[in-house]
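Notes for the one structure printed next.
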Amino acid sequence: MIKDNFVRMFEDSFRRYWNLEAFTDYETKYTLTYAQVAEQVEKLHILFEQCGLQKNDKVALIGRNSSNWAVAYIATVTYGAVIVPILQDFRTDNVHHIIKHSDSKLLFSGDFYWDHLDESELGQVRAVISLTDFHPITVIEAALPIVDEELSIRFSLSKEIISPEAIQQLFDKKYKGEFFPDCIRYDYKDNEEVASINYTSGTTGFSKGVMTTGRALASNARFGHTAYAAGNPSKHLLFPGDRMVTFLPLAHAYGCAFDFLGNSTIGGHTYFITKTPTPKVLMAAFAEIKPTLILSVPLIIEKIYRRQIQPMIAKPPMNWVLKVPYLDDVVLSQIKKKLIGVFGGSFEQIIIGGAALNAEVEKFMRKIKFPFTIGYGMTETAPLISYSHWTKFLPTSCGQILDNMEVRVDNPNAENIGEIVVRGDNVMLGYYKNVQATSESFSEDGWLRTGDLGYVDKEGNIFIKGRCKTMLLGPSGQNIYPEEIEDKLNNMPYVMESIVIQRENKIVALIHPDIDACDEAGLDSQGVANELDKVRKEVNKSLAAYEQINEVEVHIQEFEKTPKNSIKRYLYK
């Protein structure tokens, strides 16, 4: 059990790293030191008091990654309230549902997102606070509570008493111009209490509120401080002053835990990409900031590989050179050097998570000894389950189970593949106001069901084969993992992405073609269909008889995805 208290981690960080730079909005260069973050947090605590916010009340938060997003999050959890981060890519009706379902009393919102929300659909929200400068956007009179029912005293709240000017006056009165490290005193909140509720963006169509404890958040954050880098105890993943470029959505558990929580509780400097993180934007940021650690999703790595590396190594001269001993090592070394430069050249490793990395891409990256590793986790474990440093990472695995977690395989088949179940410090309490879903997510003896099929080797390395809900059955009951077939399809010419499903006992591949490649080849609709049928036949050569793809269905439109770019499979059954 982790000894660090989640709230105390921020208190300690502010005091220890008072003069270091904490957050920067990359595009505007707006920067806050740890001292300035602490002051902003204290002012929001005063605002919370003015709004009648109580310990364990819920505070919703929606907006692009930014320094103020981070400040709002820290202020909420250090006040003892429960933060409800909402992914900005959720549809408006889903946002309304989450705000109401979570019983949120306050809402922090980016101005763009507020323009799309309906004030009458915010449930118990008393006030909406802008993430631009923390001014009150609106106060919702109908949502204000009765403080004392016997005396019929209604809580009085207005924009004026929670304006930045009014909050500044109260701050000045309280501290009399002297705000210093010893002023940081946050009320104690037990690690076993809920600190955040994250609503999942799963591929099954149902959004559930994951109740995450301070213990789970502290455990994940502390892991980044203590995990050995390259097996050297003198160098951990995160150190004071380390630079991180944050482009993963902070409302998602992966980006939140390490880009933000881990780095800000060790004195690191976090740079927030405050607009859409296109490859062009990211490459410029990496070149300027030169981050010391990079967290990514497979999509970023796969795009770089397919758009820059694959066309280069496919050219006849290069293809020939790569088959010549010694010459291939020279060329691969140059490719590695160029790729490291793309990411700024100063990073210790890239950690990839959120989804499986394409097998061909992983194989090539290993071949050139590119410093990357793959972690495994889920929102329900805040998020980490397994990890290994890139020098110890076993190819095709998801790393080793963490020291504070346990793993086992339930109902294994003849190949020892079954459902991965886990327990330990990182596991959630359950789903908010959803007893049935909570019960279904745990085994009878209290282990969390991940929903992933795989196996674990003797060293504790986890290997994922697919999802329980997507696994198909062959004609004689053989297990078919559609993700493995999709992996092969996605490496073929003219294929952008795919889904493999089963219809009337036939395996059908739904393929969204690479439109640019098809246009360059001058293919019409029939030509695309013909090329994709060739793809089907080629992939079938590498598949078992029971896995054979019987049909291809062309989808000109991209598949609809979750905010972390996973295809919503339930829409395409």
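The values are calculated or read from the model by the stated rules, or taken from the named source; none is laboratory data. Worth saying up front: this structure is predicted, and the values here are computed from it rather than measured. No Cβ is skipped: glycine too gets one built from the backbone with ideal geometry, and neighbour counts run over all protein chains shown. Side chains are part of the model used for accessible areas, which takes the heavy atoms of the whole protein and leaves out ligands, DNA and RNA. Shrake-Rupley method; radii C 1.70, N 1.55, O 1.52, S 1.80 Å.
Taken over the range 348-369, the criterion of being closer than 14 Å to L394 by Cα and surrounded by fewer than 20 Cβ atoms within 10 Å (Cβ to Cβ) is satisfied by A359, K363, R366, K367, K369. The set of residues in the range 155-181 that are in contact with a Leu (Cβ under 7 Å, 6 or more places away or on another chain) and under 21 Å from Y34 (Cβ atoms) contains only I167. Only residues that are part of a loop (DSSP other than H, G, I, E, B) and surrounded by fewer than 17 Cβ atoms within 10 Å (Cβ to Cβ) were counted across the range 21-50, and they come to 3.
All of (1) of a type in the set (V, I, T); (2) touching a helix residue (DSSP H, G or I) at 6+ places or on another chain (Cβ under 7 Å); (3) at pLDDT 90 or above hold for I462 with one exception: (2). Of I289, I301, all but one fail to be closer than 23 Å to A355 by Cα and touching a residue at least 40 places away in the same chain (Cβ under 8 Å); the exception is I301.
For the range 8-20, check the following and say yes or no: at least one residue is crowded, with 17+ Cβ neighbours inside 10 Å, among the polar types (S, T, N, Q), more than 25 Å from the chain's Cα centre (by Cα) and assigned to a helix (DSSP H, G or I). No. Checked against (1) more than 17 Å from Q400 (Cα to Cα); (2) open to solvent by 10 Å² or more (accessible area, probe 1.4 Å), L448 meets all criteria but (2).
Being surrounded by fewer than 21 Cβ atoms within 10 Å (Cβ to Cβ) and aliphatic (A, V, I, L, M), is that true of even one residue in the range 259-268? Scanning the range 259-268 turns up no residue that is surrounded by fewer than 21 Cβ atoms within 10 Å (Cβ to Cβ) and aliphatic (A, V, I, L, M). Only one of the numbered conditions (1) at pLDDT 90 or above; (2) in contact with a helix residue (DSSP H, G or I) (Cβ under 9 Å, 6 or more places away or on another chain) is not met by K290, and that is (2). Listed conditions (1) in contact (Cβ under 8 Å) with a residue 40 or more places away in the chain; (2) open to solvent by less than 10 Å² (accessible area, probe 1.4 Å) are all met by A75, apart from (1).
D93 fulfils the conditions (1) open to solvent by less than 30 Å² (accessible area, probe 1.4 Å); (2) assigned to a helix (DSSP H, G or I); (3) at pLDDT below 95 except for a single criterion, (1). Of the set (1) open to solvent by less than 20 Å² (accessible area, probe 1.4 Å); (2) at pLDDT below 95; (3) outside any loop (DSSP other than H, G, I, E, B), all apply to I385 but (2). Take the conditions (1) outside any strand (DSSP E or B); (2) open to solvent by 80 Å² or more (accessible area, probe 1.4 Å); (3) over 24 Å from K568 (Cα atoms); E406 misses just one of them, which is (1).
Restricting attention to the range 423-444, the residues that are free of Cβ contacts under 8 Å to residues at least 60 places away in the same chain, part of a helix (DSSP H, G or I) and either among the aliphatic types (A, V, I, L, M) or buried (at least 16 other Cβ atoms within 10 Å of the Cβ) (or both) add up to 2. K337 fulfils the conditions (1) surrounded by fewer than 16 Cβ atoms within 10 Å (Cβ to Cβ); (2) touching an Asp or Glu at 6+ places or on another chain (Cβ under 7 Å); (3) of a type outside the set (S, T, N, Q) except for a single criterion, (2).
Of everything in the range 51-90 that is in a helix (DSSP H, G or I) and of a type in the set (A, V, I, L, M), the residue that is farthest from the chain's Cα centre (by Cα) is A75.
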